[in-house]
1. When the residues of the range 167-179 are filtered to those that are part of a loop (DSSP other than H, G, I, E, B) and modelled with pLDDT of 95 or more, which remaining residue is nearest to G47 (Cα to Cα)?
2. K190 versus (1) outside any helix (DSSP H, G or I); (2) at pLDDT 95 or above; (3) open to solvent by 30 Å² or more (accessible area, probe 1.4 Å); (4) within 28 Å of A134 (Cα to Cα): which is the lone unmet condition?
3. Conditions first: (1) surrounded by fewer than 18 Cβ atoms within 10 Å (Cβ to Cβ); (2) under 22 Å from G141 (Cβ atoms); (3) not β-branched (V, I, T). M209 passes all but one, so which condition is the exception?
4. For the range 167-187, give me each residue that is open to solvent by less than 20 Å² (accessible area, probe 1.4 Å) and of a type outside the set (S, T, N, Q).
5. Given the conditions (1) out of contact with any Ser or Thr (no Cβ under 6 Å at 6 or more places or on another chain); (2) at pLDDT 95 or above; (3) under 20 Å from Q113 (Cβ atoms), report the number of the one that I182 does not fulfil.
6. Output the qualifying pairs, or none if there are none: Cβ atoms under 6 angstrom, residues six or more apart or on different chains, first residue in the range 30-53 and over 14 Å from L193 (Cβ atoms), second residue open to solvent by 40 Å² or more (accessible area, probe 1.4 Å) and in a helix (DSSP H, G or I).
7. Do you know which of the residues in the range 137-163 that are touching a strand residue (DSSP E or B) at 6+ places or on another chain (Cβ under 8 Å) and of a type outside the set (A, V, I, L, M) is most open to solvent (accessible area, probe 1.4 Å)?
8. Confirm whether G187 is free of Cβ contacts under 8 Å to residues at least 24 places away in the same chain and over 15 Å from the mean Cα position of the chain (by Cα).
Amino acid sequence: MDPSIQNHLIDQNWASYTNEQHDIWKTLFHRQHDILQDRAVPEFLYGVDHLEIAPDKIPDFDELSDILTKATGWKIVAVEGLVPDDIFFTLLANRCFPSTCFIRRMDQLDYLQEPDIFHDIYGHVPLLIQPVFADYMEAYGKAGLRALGNHSLHYLARLYWYTVEFGLIDTPKGLRIYGSGIVSSAGESKYCLESPKPNRLWFDSERVMRTNYKIDDYQEIYFVVSSLDDLIKTTTQDFMETYELLKHQADFEPNQVLLDDRRYR
């Protein structure tokens, strides 16, 4: 691996986790797994089970990577925290998912502004066992590198936010969650589906790229895709022409609903 990337990687040092930290993982895992049984997309629950993500202890990245690599060619790499954009996208483009190693404190169970190991591993990794989503994340990494060179990263960041982090999906059994920011949050897992407050709109990539977002509260708007396959078809295109078009158009705030928006039911 390129030395400039290697410099951002660390050892997970799994043996250093304390019993208290493992107990925090156990509490978070069992709470979320109960909440998500009828709320998360089936592909997510399948991933948790088939990746053998440990319910009672913090997962070992090497063990998790062994299973994931055999399934879709992805592996988990440990990082100290948020990495520079070019490093993040290069890792994704090479099927390496960067995960933090620290876990939140017991008094932070319900909210943590920065991503911890529970968000990264429980929230993101299960869908990487699905070939279609594994391909999507690789394509996103490559798209991110192109957007960086075109000074258009903020548009792609919004796409990531409203899909990978906070996406909802229509299923025969009703609306379900696939976004990692939701599946790793007990409160938002219920709020996004059951509260009358947020707007739920059918996904439109240009609409999403023009929509700002908040990082310190539940979302005011969610975008719904009809399937993971449809998400891939819609969002793995070359957006260079779209970026140029959007540079001349106004952004939208998260609480805005437009006349031509299509509401989900």
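The values are calculated or read from the model by the stated rules, or taken from the named source; none is laboratory data. Treat the numbers as computed from the prediction; the structure is a model and nothing was measured. Using ideal geometry, Cβ is built from the backbone for each residue, glycine included, and neighbour counts are taken over all protein chains shown. Side chains are part of the model used for accessible areas, which takes the heavy atoms of the whole protein and leaves out ligands, DNA and RNA. Shrake-Rupley method; radii C 1.70, N 1.55, O 1.52, S 1.80 Å.
1. Of everything passing the filter in the range 167-179, Y178 is nearest to G47 (Cα to Cα).
2. Checking K190 against (1) outside any helix (DSSP H, G or I); (2) at pLDDT 95 or above; (3) open to solvent by 30 Å² or more (accessible area, probe 1.4 Å); (4) within 28 Å of A134 (Cα to Cα), the one that fails is (1).
3. (1) is the only condition that M209 fails.
4. G167, L168, I169, G174, I177, Y178, G179, G181, I182, V183, A186
5. Answer for I182: the failing condition is (1).
6. L51/I67
7. In this case the residue turns out to be R158.
8. no
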